[in-house]
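A short worksheet on the structure shown next.
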Amino acid sequence: MTNSTVKGPAGYFPSIEKKYGRPVADWKELIRSSPLTQHMQLVSWLKTEHGLGHGHANALVAHTLAEDSGK
């Protein structure tokens, strides 16, 4: 692994931005504006409505929910 400084969900962020052409902040805003609140509901929604892969969707949701819960 070349990027040893960033671990966990945030480690996916550079490849998410490169692959989908949107900053992570946009994805987080999208997640926060969704009426869905459950982790897997949000992951499924990002996959079906926005074409994200499972790993990328999962990383974004996990990071955003952890931030919002103050962890």
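The values are calculated or read from the model by the stated rules, or taken from the named source; none is laboratory data. On a predicted model such as this, the values are computed, not experimentally measured, just so you know. Here Cβ is always computed from backbone atoms with ideal geometry, including for glycine, and neighbour counts include all displayed protein chains. Note: accessible area is taken over every heavy atom of the protein model, side chains too, but ligands, DNA and RNA are not part of it. Shrake-Rupley method; radii C 1.70, N 1.55, O 1.52, S 1.80 Å.
Looking at segment 1-16, which of the residues that are more than 15 Å from residue 63 (Cα to Cα) and open to solvent by 60 Å² or more (accessible area, probe 1.4 Å) is modelled with the lowest pLDDT? Here the answer is 1.
Listed here are the residues, each with its yes/no results for (1) touching a residue at least 12 places away in the same chain (Cβ under 8 Å); (2) open to solvent by 50 Å² or more (accessible area, probe 1.4 Å); (3) of a type in the set (Ser, Thr, Tyr).
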position	(1), (2), (3)
19	yes, yes, no
28	yes, no, no
34	no, no, yes
42	yes, no, no
50	yes, yes, no
65	yes, yes, no
